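Report on the structure given below.
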Amino acid sequence: MAKKSKSKTGDDEEGSSSFNPYTHLDDTLDSIEKDFSLSGSGLSRDERRMNTVSLAIDLVLGGGITAGGWYTFVGGEQSSKSTLANSTMAMAVNSSIPIVSMWDYEGSTDAEYLANILKSNRIDANVEDVFGIRDPKTGKWLVKPRVRYYSETVAEKFFDYLAKLERLLPDVRKIGDDWFYIYENTKPNKSIVGSKYDKSYFSKTGKFRVPAPNGNLQALVICDSYPAMLPEKMDTDDPSNAMAMQARMFSEQMKRVKGRMKAKRIAVIGINQLRQKPAVMFGSPEYEPGGEALKFYSDCRIRLASRALSAVVNGGKGYEETEDSYNGEGEDTYRYVHARAIKNKLSVPNLECFLRIWITDADGAAMGIDPVFDTFQYLEMTGQISGPRKKMVLKLRKHDEVTLDWGQLKTLVLGSRKEVAKVCDKIGLEKMFIREFCRKQLNKGVGIDLFFENKKNAKLASKAKNKAAESDDDDDDDDDEED
């Protein structure tokens with residue numbers, strides 16, 4: 001007689017009951033969570049991300065900057081690493097992130113350049129709004145800062161700051177469909193939450209749970225740059241061990257803070273350099289200073305490199321490009337930078353795009369990342385624009401197809417409300433600020449879907465083209481044999 005097979009719960013196939021040691025498993029796990037102050041939550045892949053200033057970079061990152069992410073921008077000289085970091089900081093100023101801090105270890109942050117970046121991206125703020133103004137006598141804030149600026153040299157202070165921030169901020173967790181602040185059971189936290197916490201959750205976990213509006217970032221911390229972060233012992237120890245000492249410092253300090261960043265909804269953006277190893281005969285001579293821990297703990301590494309015009313513009317020569325300003329009152333000068341996600345644990349790696357750096361406008365001012373080319377790049381990457389710059393075809397999602405030239409696109413991005421309305425009427429487009437339209441697309445997840453759909457279609461088209469070419473070659477071979 002055949003034996004009856006057992007199910008995983010201990011019941012046989014005919015449903016007869018037997019002893020099940022897992023009946024009270026949930027209660028046991030709840031007890032463990034309470035004993036060890038654990039807070040369970042669900043995983044969500046559709047969390048809203050914070051935008052960088054570049055729509056194209058947001059696509060490469062998988063939607064933007066996400067909580068818990070450690071982002072590293074790496075590149076050689078003049079690859080616009082600091083420009084991209086400062087531009088992202090400018091976008092954070094325009095968002096609802098409670099804490100934004102800038103650690104300038106190189107002392108290279110320029111107030112005028114930052115003001116131009118704010119202006120070119122239609123961000124309504126000035127440098128005083130960003131960094132605040134202190135009373136020189138009392139030291140109190142006359143204008144409270146949106147960004148806390150620190151000019152430092154000692155590396156450990158950066159990590160001490162991060163660790164302290166993680167202790168002070170509550171966890172932010174998604175439980176079911178809702179977001180909550182989770183506070184530890186301490187007297188200071190009790191005074192913060194008052195009577196607004198969930199009593200049943202407290203009795204179950206021993207923690208205060210308060211509804212949160214969303215799961216957005218609580219803090220964005222920017223560091224420029226890793227090689228300039230000197231360990232505190234550097235002055236007293238043997239200076240010949242400087243590289244090893246710095247690498248050891250990063251290895252020890254990053255593991256101290258990285259694990260809690262996701263729960264605390266903190267993101268870090270750091271900048272690293274590319275240097276040359278001397279007398280290298282095999283393999284790449286380039287290396288990133290700071291040791292391997294920086295690579296290991298970075299969730300996303302964007303490699304930036306200057307490119308000649310020929311890499312982007314058909315028939316382009318040299319490294320700089322000039323064209324008329326959108327208002328026709330002078331010339332603007334630009335150069336191009338290639339960006340590739342050489343590591344991305346938070347989305348798809350090896351995605352790439354180009355940035356156009358606005359070197360000078362008609363008045364000679366440096367303006368950061370060019371929003372016009374960035375908008376064009378986003379639309380091209382998502383399959384919503386095609387054709388040469390003299391006559392482009394624009395087909396926005398759920399809008400009619402229109403044609404426009406490069407000058408009209410510049411006006412749509414940079415022009416005043418009246419100028420934008422005039423161009424929209426002329427080309428037959430619904431009145432809109434096209435860059436804001438693209439950003440809303442991106443934030444809703446539509447931009448990412450269009451991007452991967454366009455990549456898939458391009459890959460299929462390439463395969464079909466190669467197949468047709470192979471078929472033509474076969475036909476030519478048959479004709480030769482007949483001859």
Next item on the list: Taking D374 as the residue in question, decide whether it is acidic (D, E) and under 23 Å from G75 (Cβ atoms).
Entry: yes
Margin query: I'd like to check something: does segment 445-462 contain any residue that is under 24 Å from N121 (Cα atoms), part of a helix (DSSP H, G or I) and of a type outside the set (A, V, I, L, M)?
Written below: yes
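Per-residue answers, yes or no, for (1) of a type in the set (V, I, T); (2) open to solvent by less than 40 Å² (accessible area, probe 1.4 Å):
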| position | (1), (2) |
| --- | --- |
| A242 | no, yes |
| Q253 | no, yes |
| I266 | yes, yes |
| G270 | no, yes |
| P285 | no, no |
| A293 | no, yes |
| A308 | no, yes |
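Let's see how each residue does on (1) over 30 Å from A244 (Cα atoms); (2) free of Cβ contacts under 8 Å to residues at least 40 places away in the same chain; (3) under 22 Å from the mean Cα position of the chain (by Cα):
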residue	(1), (2), (3)
L294	no, no, yes
A305	no, no, yes
K343	no, no, yes
W358	yes, no, yes
I369	yes, no, yes
D374	yes, no, yes
S386	yes, yes, no
Notebook entry, point to check: Restricting attention to segment 386-403, and to residues there that are β-branched (V, I, T) and touching a helix residue (DSSP H, G or I) at 6+ places or on another chain (Cβ under 8 Å), which single residue is surrounded by the fewest Cβ atoms within 10 Å (Cβ to Cβ)?
Noted result: T403
Notebook entry, point to check: For segment 383-406, what are the residues that are closer than 23 Å to G315 by Cβ and outside any strand (DSSP E or B)?
Noted result: G387, P388, R389, K390, K391, D405, W406
Next item on the list: Please work out if K426 is in contact (Cβ under 8 Å) with a residue 12 or more places away in the chain, exposed (fewer than 14 other Cβ atoms within 10 Å of the Cβ) and either assigned to a loop (DSSP other than H, G, I, E, B) or charged (D, E, K, R) (or both).
Entry: yes
Notebook entry, point to check: Of (1) modelled with pLDDT under 75; (2) open to solvent by less than 20 Å² (accessible area, probe 1.4 Å); (3) among the acidic types (D, E), D58 satisfies all except one. Which?
Noted result: (1)
Item checked: Unique match (being aliphatic (A, V, I, L, M), closer than 19 Å to V312 by Cβ, assigned to a helix (DSSP H, G or I) and under 24 Å from the mean Cα position of the chain (by Cα)) among L409, L442, L379 -> L379
Checklist line | Every residue from segment 179-188 that is over 24 Å from the mean Cα position of the chain (by Cα) and either open to solvent by 50 Å² or more (accessible area, probe 1.4 Å) or closer than 30 Å to E232 by Cβ (or both) | finding: E184, N185, T186, K187, P188
Next item on the list: Scan S191, S195, S200 and give me the residue that is modelled with pLDDT under 95, in a loop (DSSP other than H, G, I, E, B) and open to solvent by 10 Å² or more (accessible area, probe 1.4 Å).
Entry: S195
Notebook entry, point to check: Tell me, which residue of segment 332-346 that is within 15 Å of G68 (Cβ to Cβ) and either among the small types (G, A, S) or not in a strand (DSSP E or B) (or both) is most open to solvent (accessible area, probe 1.4 Å)?
Noted result: K345
Note to self: Quick check on segment 121-140: of everything there that is of a type outside the set (A, V, I, L, M) and under 21 Å from the mean Cα position of the chain (by Cα), which residue is least open to solvent (accessible area, probe 1.4 Å)?
What the structure shows: N121
Item checked: Candidate set from segment 63-120 (those that are of a type in the set (D, E, K, R) and not in a loop (DSSP other than H, G, I, E, B)); member that is least open to solvent (accessible area, probe 1.4 Å) -> D104
Check: Consider R260 against the criteria (1) touching a His at 6+ places or on another chain (Cβ under 6 Å); (2) open to solvent by 80 Å² or more (accessible area, probe 1.4 Å): it satisfies all of them except one. Which criterion is unmet?
Finding: (1)
Next item on the list: Would you check which residues across segment 218-264 are modelled with pLDDT of 95 or more and of a type in the set (V, I, T) and list them?
Entry: V221, I222, V257
Next item on the list: May I ask you to list the residues in segment 146-157 that are farther than 16 Å from M245 by Cα and either buried (at least 18 other Cβ atoms within 10 Å of the Cβ) or among the β-branched types (V, I, T) (or both)?
Entry: R146, V147
Check: Going through segment 272-309 one residue at a time, which ones are part of a loop (DSSP other than H, G, I, E, B) and at pLDDT below 90?
Finding: K277, P278, A279, V280, M281, F282, G283, S284, P285
Margin query: Could you go through segment 158-175 and let me know if any residue there is over 20 Å from A219 (Cα atoms), among the β-branched types (V, I, T) and buried (at least 17 other Cβ atoms within 10 Å of the Cβ).
Written below: no
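The values are calculated or read from the model by the stated rules, or taken from the named source; none is laboratory data. Because the structure is predicted, anything quoted here is derived from the model rather than measured. Reconstructed Cβ throughout: ideal geometry from the backbone, glycine too, with neighbour counts over all protein chains shown. The area values use the complete protein model at the heavy-atom level, side chains included, leaving out ligands, DNA and RNA. Shrake-Rupley method; radii C 1.70, N 1.55, O 1.52, S 1.80 Å.
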